[in-house]
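Undergrad: I'd like to ask some things about the structure below.
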Amino acid sequence: MGLFDFLKPKKNTASIAKDRLRIIIAQERSSHGGPDYLPLLRRELLEVIRKYVNVDVEAVKVDLIKEGEHDVLDISVALPDGRAATA
């Protein structure tokens with residue numbers, strides 16, 4: 001505790017708790033390896049692709065790759081050799 005600490009405005013406990021919660025959430029997100037929306041995105045992409053082409057569930061792969069400072073969304077779809085399905 002310094003001599004002039006009483007002159008600085010003190011942080012209230014709510015703002016301290018908010019800062020700590022932000023740190024915890026950031027650590028949780030980084031430990032899971034990817035955002036929460038990837039499984040939903042994969043399902044929705046599969047639904048749209050299936051409107052036009054009959055593909056297997058495992059044919060659609062969605063990955064988030066870190067390249068330097070940027071995150072790259074890598075979407076890979078293995079299409080069958082046959083013709084497109086008609087709607």
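The values are calculated or read from the model by the stated rules, or taken from the named source; none is laboratory data. Please read all numbers here as calculations on a predicted model, not as lab measurements. Ideal geometry is used to build each Cβ from the backbone, glycine not excepted, and the neighbour counts take in all protein chains shown.
Undergrad: May I ask you to verify whether residue 50 is out of contact with any strand residue (DSSP E or B) (no Cβ under 6 Å at 6 or more places or on another chain) and either of a type in the set (S, T, N, Q) or surrounded by 10 or more Cβ atoms within 10 Å (Cβ to Cβ) (or both)? Don't jump to the end; show me each part of the working.
TA: Working: out of contact with any strand residue (DSSP E or B) (no Cβ under 6 Å at 6 or more places or on another chain): yes; either of a type in the set (S, T, N, Q) or surrounded by 10 or more Cβ atoms within 10 Å (Cβ to Cβ) (or both): yes.
The answer is yes for residue 50.
Undergrad: Within the stretch 30-55, can you find the residues that are at pLDDT below 85 and either outside any helix (DSSP H, G or I) or touching a His at 6+ places or on another chain (Cβ under 7 Å) (or both)?
TA: 33, 34, 35, 36, 37
Undergrad: What are the residue pairs meeting all of these: first residue in the stretch 60-83, first residue under 17 Å from residue 37 (Cα atoms) and free of Cβ contacts under 8 Å to residues at least 24 places away in the same chain, second residue of a type in the set (Ser, Thr, Tyr) and not in a loop (DSSP other than H, G, I, E, B), Cβ atoms under 6 Å, and 6 or more apart or on different chains?
TA: Cβ pairs passing all conditions: 61/76.
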